[in-house]
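Values in this text are rule-based calculations from the coordinates and carry no lab data. Because the structure is a prediction, the values reported are computed rather than measured. Don't worry about glycine lacking a Cβ; one is built from the backbone with ideal geometry, like all the others, and counts go over all protein chains shown.
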Amino acid sequence: MLAVLQEHLVRDTRVAAADRDVFLHRLPQQLPRIVTSLSAVYGSGPEIWDVVARAVLTAWDAYAERPADLRDLDRQREGAAPWFTSREAVGGVCYVDRYAGTIAGLREQIPYFRELGLSYLHLMPLYESPAGNSDGGYAVSSYRRVDPALGTMEELAELAAELRSQGIALVLDFVFNHTSNEHEWARAAAAGDPHFERFYWIHRDRTLPDAFERTAREIFPDDHPGVFTRVDSTPAGRAASPFDPDPRWVWTTFHRFQWDLNYANPEVFHAMAGEMLFLANQGAQVLRLDAVAFIWKQLGSTCESQPQVHDLLRAFRAVAALAAPAVEFKSEAIVHPDEVIRYVHPEQCALSYNPLQMALTWEALATRDVTLLSAALAERHETPEGTAWVNYVRGHDDIGWTFSDDDAARLGVDPAGHRRFLNAFYTGRHPGSFADGVAFQDNPRTGDCRICGTTASLLGLEAEPGPAVDRILLAHSLAMSTGGVPLVYLGDEVGQLNDPHWRQEPGHGDDARWVHRPRRREADHERRHDLFSVQGRIFGGIRGMIAVRRRTPEFEGTTLIPFDTHNSHVLGYQRPGEHSLVLCLANVSDWSQFVTGETLSGFLPTATLLHAQSEVDLRGGILLEAHGFRWLRVIPVR
Ligand code: GLC
């Protein structure tokens, strides 16, 4: 097979001989991966060779189109140590329209991103999508066209190049579980084209939909019950006839207008591999694999995180490694922690959101107790060599309590009751709660509920600014120091509050997540250098942490060693360096807390407080003020 492919590629005159050799050099490593992963999904009969050959040719076509500067980047990255485990890697995320209006407007913000210290920028989906509700752009109508209101694909590629020249990697979404119902494939399927009907899960009666719905989870119950919805094949602008409805049902895990792709059909894999590499060729250095857990459906299962999901990921990864090896995958699997970690592998996703640390940071701030968070850091923080977490305080989505029930029960916590408490706490229903949050997809039938709100609003900035600023800095200090890429939801670094008008925007009224996706407020940013303002205190604090992290060699890499503070209100962990360690302490309670000299007796008495560049004596112990944290360079006693 290798020889046949080689011969084909040699005859293709689009690529110069030297560049072709680079591709051919990658082939012996990636081809076996493609064969193994695709045959695990599509069987090992003779047809598999056609599937494999098409995958390689898709990679080759994309390689032929790959701009020279990106090919250079590929060569630099291949075999080099990963950039994303560096202490300099810090991310920001924003919506282009809400943050800067257009791609051109966003370009003007690059000096600000540099001022903050970012080296990674995730732009929320900016592709063509349905007018009105498009799930924040996660209903993609074309992967090759930018939403015309934001700009063009050429502008996006230029932005990527400009960011790259300023040391910032562009991160784009690869929304590959579903397309919008307005994507040309979906339109063709709705019109009855059998080739494109097979791109989706379309059934002409309820037999299979009923069978699947017995075990598949409802994700957006406010939008529709179960996972299937009726196909609406009525031409736009005409009302569906109640007398002659379309009999077909289509799988829609999320909204009715987001049609799940059918990866059991290898055509879908090929088509999506082509779209993925198109995005890679625009200059994205990380692709965020949206809703990855859902891409394979298996009757009788939850239809989440099935083994074939991992096989397909390996296949996508190997195809990307052939055509665009500088591109990394980031997994968006907001599932049980046992499952989240299975996506984190150099041959799948080198990066992954860390929903457990995110959720337990909020949990610790509500309970003023670090037991669950500290166990998670000790037992669930490690990732394979060459991979890293993306540690975020909050994202554009809701906060869900994705901790393991078994972990909680082992630590004496009733998982269901605890989730009820956390939901009540963050929606402000719990007496004494500081939070101003909104419930999302509250499902009385299953008891499921998630939380919306900006970091500042959830941490009480309006009601009690003083403690809230400290809590905001504390939460960010964890994301900045546990190891992995810290990711700031842009605007949170100046304490942005909930958007009180979120319901009024067209298409947003039914989706409470818009409460925490406000437009950029210039007034907040203007105060960022005023240290007497809350904006200035938060901005100065976060920017200071980024600067300290950058100059601290112990923050390189991802290794974390637990540290028992003997105080359930104070989280402790160590980041090892060559001759010293950084000991991180964080008090999640509303009162001062003490870590005794005896607890710290494993270190030499003199330590350096990194943010103040001053020395402290550990023999007398460390007193942390309410919500205080310390990053201390310590030397272990030999
Ligand atoms: C992911 C996105 C979320 C979206 C969903 C469907 O979970 O983060 O915003 O609603 O996928 O695409």
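The table for this structure:
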read-out	value
Globularity index of segment 141-240, i.e. its alpha-carbon radius of gyration over 2.2 N^0.38 Å	1.45
Centre separation in Å (Cα based) which lies between segment 422-470 and segment 120-165	31
Value of Rg/Rh across segment 534-587 [Cα atoms, Kirkwood radius]	1.05
Alpha carbon convex hull of segment 424-512, volume per residue in cubic angstrom	136
Estimated dipole of segment 1-113 in Debye, rounded to 20 [Cβ of Lys and Arg +1, of Asp and Glu -1, Cα centre]	180
At most 14 other Cβ within 10 Å, DSSP loop - trypsin sites (Lys or Arg not before Pro), segment 413-472	429, 445
Fraction of beta bridges assigned by DSSP in the chain that are antiparallel (%, nearest 5)	60
Extension gain (nm, one decimal) between residue 114 and residue 206, 0.36 nm per residue minus Cα-Cα	27.7 nm
Net charge of neighbours whose Cβ lies under 15 Å from the Cβ of residue 38, counting Lys and Arg as +1 and Asp and Glu as -1	-1
Charge tally in the Cβ shell below 11 Å around residue 419, where Lys, Arg are +1 and Asp, Glu are -1, residue 419 excluded	-2
Where the Cα pairs of the chain fall when distances are cut into 10 Å bins, in %	3, 16, 26, 27, 18, 8, 2, 0, 0
Debye, to nearest 20: dipole size of the chain, +1 on Lys, Arg Cβ, -1 on Asp, Glu Cβ	720
Centre separation in Å (Cα based) which lies between segment 574-617 and segment 256-308	45
Distance histogram for segment 382-468 (every C-alpha pair counted, 10 angstrom bins, percent rounded to whole numbers)	16, 38, 34, 12, 1
Highest-first arrangement of 213-220, 6-13, 249-256, 327-334, where packing means the average Cβ count within 10 Å	327-334, 249-256, 213-220, 6-13
Inter-label distance for residue 80 and residue 267, nm, one decimal - labels placed 7 Å from Cα along Cα-to-Cβ	4.1
Contact order normalised by residue count of the chain, Cα under 8 Å, 6+ apart, percent	12
Degrees between helix 415-426 axis and first principal axis of the chain (Cα, 0 to 90, nearest 10)	80
Shape metrics for segment 324-389, restricted to C-alpha atoms - Rg then Dmax, Å	13.1, 46
Amide hydrogen neighbours beyond the local backbone of residue 122, cut-off 5 Å, H modeled	92, 93, 94, 171
Alpha carbon centroid spacing (whole Å) that separates segment 332-347 from segment 477-498	22
Debye intensity ratio I(q)/I(0), log10, segment 482-607, q values 0.12 Å⁻¹ (C-alpha model)	-0.69
Kirkwood hydrodynamic radius of segment 537-638, from inverse mean 1/r over distinct Cα pairs, in Å	13.9
All-pairs Cα distance distribution in segment 199-330, expressed in whole percent, bin size 10 Å	11, 36, 30, 18, 4, 0
Simple label model, 7 Å out from Cα along Cβ direction - residue 338 to residue 532, nm	5.7
Net charge of Cβ neighbours under 14 Å - reference residue 466; Lys, Arg +1; Asp, Glu -1	-3
Which of 42, 91, 23, positive extreme of dipole for segment 1-110 (C-beta unit charges)	91
Linear extension gain, residue 442 paired with residue 429, 0.36 nm per residue minus alpha-carbon span	3.3 nm
Low-density loop cleavage sites - GluC sites (Glu not before Pro) in segment 53-119, where at most 12 other Cβ are within 10 Å (DSSP)	108
